[in-house]
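The values are calculated or read from the model by the stated rules, or taken from the named source; none is laboratory data. Here the structure is a predicted model, which means the values were calculated and not measured. All Cβ positions, even for glycine, are placed from backbone atoms using ideal geometry, and neighbour counts span all protein chains on display. Calculation scope for accessible area: heavy atoms of the full protein, side chains included, ligands and nucleic acids excluded. Shrake-Rupley method; radii C 1.70, N 1.55, O 1.52, S 1.80 Å.
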Amino acid sequence: TDVVLATATSAVRDAANGDHFVERARAEFGLDVQVLDGEREAYYGAIGALNDTGLRDGAILDIGGGSAQLSQIEDGRFKRGVSRTLGALALAERFPVSDPPKKADLRLLETEIERQLISIDWLEQVVGADLVGIGGTIRNLAKIEAERQSTPLHTLHGFRLTRASLEESIEEFRRLSVGEREHIPGLSTDRADIILQGSLVVRVVMETLGIDSLTVSTGGLREGIFFEHFWRHLP
């Protein structure tokens with residue numbers, strides 16, 4: 001028989017009618033949806049990435065739609081993690097920008113990102129350390145750079161996304177309207193309206209940690225849940 005592990009993240013966790021959604025999922029589909037709190041969401045994403053990379057000490061950044069998670073990794077293990085309302089979609093909804101955006105729009109967004117990062121008291125412990133990035137925003141930024149380089153990649157796993165590449169992409173997003181962004185090679189058209197917000201989160205995190213690149217992992221929360229369930233018997 002199939003095993004269905006139903007989980008919900010910030011979209012349901014932060015919704016006013018989240019409990020109602022969970023009840024309907026149980027009533028209509030027989031699904032017992034586990035609503036993850038922020039730290040648990042960070043944990044699963046980190047476990048998925050750790051089983052996919054050689055990260056020993058550093059941090060993992062996971063940017064989703066509603067939230068972003070940062071996890072501290074020590075000696076190859078998850079130490080702690082936090083979730084902040086820095087998802088690409090959440091930022092786009094809370095801080096509407098002009099089309100194309102103005103520099104003042106970017107400053108407002110970055111100020112909010114910095115404000116939320118300041119509250120993470122352990123962040124100074126990973127300054128200068130290795131950073132692994134997961135989630136759709138980061139994969140898409142890597143894909144844009146791969147297209148720029150005409151790199152025939154079958155997977156983005158292990159791709160090094162540099163600050164220089166990120167800055168080039170942000171400048172392009174800032175210059176173009178949403179409609180024009182849809183034609184950027186490598187960019188998913190359904191992300192054209194929120195890619196700028198997500199890329200600013202990456203930039204502020206890189207600036208805060210004082211690093212010039214991150215490593216992309218294609219493993220994340222889904223894989224972390226899988227590993228916990230099916231590899232529970234392993235050390």
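Brief remarks on what is shown
- Carbon/sulfur fraction of accessible area - the stretch 77-151, other protein chains in place, 1.4 Å, %: 48
- Environment charge of Leu117, counting only residues whose C-beta is closer than 12 Å and scoring Lys/Arg +1, Asp/Glu -1: -3
- Normalising the average separation of contacting C-alpha pairs (under 8 angstrom, six or more residues apart) by the number of residues puts the relative contact order of the chain at 25 percent.
- For the stretch 180-235, projected area of the alpha-carbon convex hull averaged over all directions, nm²: 6.3
- Equivalent-ellipsoid semi-axes for the stretch 59-136 (Cα gyration tensor, √(5λ), whole Å, largest first): 26, 13, 10.
- Translational diffusion coefficient (Stokes-Einstein; Kirkwood radius from C-alpha pairs) of the stretch 9-96 at 10 °C, 1.306 mPa s, in µm²/s: 113
- Highest-fluctuation residue, Thr85, Thr111, Thr208 considered, GNM on the chain with Cα pairs under 10 Å: Thr111
- Pair Thr151, Trp231: separation of 7 Å Cα→Cβ label points (nm): 2.5
- Heavy atoms of the protein chains alone define the surface here; on that basis the chain has 52 Å² accessible area per residue at 1.4 Å probe size.
- Accessible area of His183 in the full protein assembly, 1.4 Å probe (Å², nearest 10): 150
- Protein-only accessible surface order, largest first, of Asp2, Asp193 at 1.4 Å: Asp2, Asp193
- Residue-averaged [θ]222 nm for the chain, counting only DSSP H segments that reach four residues, each worth -39500 (n - 2.57): -13500 deg cm²/dmol
- Restriction of the trypsin sites (Lys or Arg not before Pro) in the stretch 65-145 to DSSP coil positions whose beta-carbon has at most 14 other beta-carbons within 10 angstrom yields Lys102.
- Projecting the Cα positions of Ile211, Ala88, Ala16 onto the charge dipole of the chain (unit charges on Cβ atoms of Lys, Arg, Asp and Glu, taken about the Cα centre) puts Ile211 furthest along the positive direction.
- Pair-distance profile P(r), taking every C-alpha pair of the chain, with 10 angstrom steps and integer %: 7, 31, 35, 21, 5, 0
- The stretch 149-221 and the stretch 96-147: distance between their alpha carbon centers, rounded to Å: 10
- Given +1 at the Cβ of Lys and Arg, -1 at the Cβ of Asp and Glu and no other charges, the dipole of the chain around its Cα centre is 160 debye to the nearest 20.
- Once you reduce the stretch 8-26 and the stretch 47-64 to the center of their Cα atoms, the two points are 27 Å from each other.
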